[in-house]
1. Output the qualifying pairs, or none if there are none: Cβ atoms under 7 angstrom, residues six or more apart or on different chains, first residue in region 116-129 and free of Cβ contacts under 8 Å to residues at least 40 places away in the same chain and within 16 Å of ASN154 (Cβ to Cβ), second residue of a type in the set (Gly, Ala, Ser) and surrounded by 17 or more Cβ atoms within 10 Å (Cβ to Cβ).
2. Residues of region 61-83 being surrounded by 12 or more Cβ atoms within 10 Å (Cβ to Cβ), assigned to a loop (DSSP other than H, G, I, E, B) and out of contact with any helix residue (DSSP H, G or I) (no Cβ under 7 Å at 6 or more places or on another chain), which ones?
3. Is it true that MET141 is at pLDDT below 90, of a type outside the set (Asp, Glu) and more than 12 Å from the chain's Cα centre (by Cα)?
4. Considering each of HIS195, HIS132, HIS102, HIS86 in turn, give the residue that is within 28 Å of ARG229 (Cβ to Cβ) and out of contact with any Asp or Glu (no Cβ under 9 Å at 6 or more places or on another chain).
5. Using the structure shown, decide if ASN53 is over 16 Å from SER211 (Cα atoms) and either in a loop (DSSP other than H, G, I, E, B) or within 14 Å of the chain's Cα centre (by Cα) (or both).
6. Starting from residues that are at pLDDT 90 or above and of a type in the set (Val, Ile, Thr), keep the ones in region 107-138 and report whichever is farthest from the chain's Cα centre (by Cα).
7. Six or more apart or on different chains, Cβ atoms under 7 Å: show the pairs whose first residue is in region 71-98 and under 15 Å from SER138 (Cα atoms) and whose second is among the charged types (D, E, K, R).
8. Go through (1) free of Cβ contacts under 8 Å to residues at least 60 places away in the same chain; (2) part of a strand (DSSP E or B) and name the single condition LEU159 misses.
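The values are calculated or read from the model by the stated rules, or taken from the named source; none is laboratory data. From a predicted model like this one, the values you see are computed outputs, not experimental measurements. Here the Cβ is made from the backbone with ideal geometry for all residues, glycine too, and neighbour counts use every protein chain on show.
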Amino acid sequence: MAAIEISHVSKIFNDKTRNSDVVALDDITVSVARNQFLCLLGPSGCGKSTLLNMIAGFEQPSSGTIAVDGQPVMAPGADRGVVFQHANLMPWLPVWENVAFHLLLSGSQKGERRARAQGFIDMVGLTGFENHYPSELSGGMNQRVGIARALLMNPQVILMDEPFGALDEQTRMDMQTELVRIWQQHQGTIVFVTHGIDEALTLGTHVAVMSARPGRIREIIPIDLPRPRDITSPQFNALKRHILALLRGERAPSPLEVVNQ
């Protein structure tokens, strides 16, 4: 059974100002296997974040169905962790309490919360920063706190909405490397929204290329490149040219053809 099953999903928003409907997503069908790292790639406004929000349960499809581990998605749930573009941390809490925040809400004792948070703090490379506050950390470090918080919930699926979009180029590349390491260690399923081709090819086991609004899946491309990935390699750049052609609406050769060039 797939971790995520998206079947013929469409999303229509009502524009009350103009008294008209806007089709954001049109007939999306995607199957995401367990432990897969799927990158949703497409131009701004194509509905990537809307699709992610529907997997998370924050929004409902206008038609079609979404299931996680065979169960229909009707609302947010503990089986799905979400990491947003901004970490949305509580500024008055130190790192370990931000990571363990949902345990506080469930009534866990301080000692248990601290012990459970520590393993995930270590996993994301923040050992030694447990008692620092968000204002004392860099943007990349705050995003690591957000990832650790999502991991502590032990979700089957982690949903990430352009989490590195506000970071500088060097920090973004460092965080991409860290995320791959965490994913390989955690062995979970990730759906990652991005508009960066290099980022999608660096991270994903698969890349779903979407069209401009209304968002449709143009192609789902398996990325069979060794890790760590060399963004200067002929194979990487051949796949990049293929995706660029898809985004521009041009006829693109098959991924197998471009990788073997």
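1. ARG116/ALA100; ALA117/ALA100; PHE120/ALA148; ILE121/ALA148
2. Correct list: SER62, ASP69, GLY77, ASP79.
3. Spelling it out, it is not the case that MET141 is at pLDDT below 90, of a type outside the set (Asp, Glu) and more than 12 Å from the chain's Cα centre (by Cα).
4. HIS86
5. Spelling it out, ASN53 is indeed over 16 Å from SER211 (Cα atoms) and either in a loop (DSSP other than H, G, I, E, B) or within 14 Å of the chain's Cα centre (by Cα) (or both).
6. The extreme case among them is THR127.
7. GLN85/ASP161; GLN85/GLU162; PRO94/GLU130; VAL95/GLU130
8. (1)
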